[in-house]
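The values are calculated or read from the model by the stated rules, or taken from the named source; none is laboratory data. All figures in this text were calculated on a predicted structure; none of them were measured in a lab. All Cβ positions, glycine included, derive from the backbone under ideal geometry; neighbour counts span all protein chains shown.
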Amino acid sequence: MPSVRRLKTAEDVRVALAKLYRDLESDAVDPKKGRALVYVLATLSNVIRDSDIERRLEALEAAKEAE
């Protein structure tokens with residue numbers, strides 16, 4: 001069974017997308033499965049970005065309240 005990659009950062013997703021691209025180029029991944037994986041990775045990237053923005057905003061609000 002293949003190892004499960006932890007995708008916690010935008011960099012993790014970027015690396016996964018780059019590998020998927022190489023695998024698609026070399027016909028190592030079925031294009032239909034590749035499209036599904038790209039969709040999931042793009043969605044995950046958006047969630048990571050939004051979570052990072054939310055965390056930064058909360059830190060800014062907390063700092064503002066502490067003034």
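Conditions (1) modelled with pLDDT of 95 or more; (2) of a type outside the set (A, V, I, L, M, F, W, C), marked per residue:
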site	(1), (2)
Arg22	yes, yes
Ala28	yes, no
Gly34	yes, yes
Val40	yes, no
Val47	yes, no
Asp52	yes, yes
Leu57	yes, no
Glu67	no, yes
Complete set of residues in the stretch 43-67 that are free of Cβ contacts under 8 Å to residues at least 24 places away in the same chain and closer than 18 Å to Ala18 by Cα: Thr43, Asn46
Any hit, the stretch 16-35, residues being touching a residue at least 24 places away in the same chain (Cβ under 8 Å) and surrounded by fewer than 12 Cβ atoms within 10 Å (Cβ to Cβ): no
Given (1) outside any helix (DSSP H, G or I); (2) among the hydrophobic types (A, V, I, L, M, F, W, C); (3) surrounded by fewer than 10 Cβ atoms within 10 Å (Cβ to Cβ), number of the condition Ala63 does not satisfy: (1)
Output for the stretch 31-55, where each listed residue is over 11 Å from the mean Cα position of the chain (by Cα) and aromatic (Phe, Trp, Tyr): none
Number of the exception - Val38 against (1) assigned to a loop (DSSP other than H, G, I, E, B); (2) touching a Leu at 6+ places or on another chain (Cβ under 7 Å): (1)
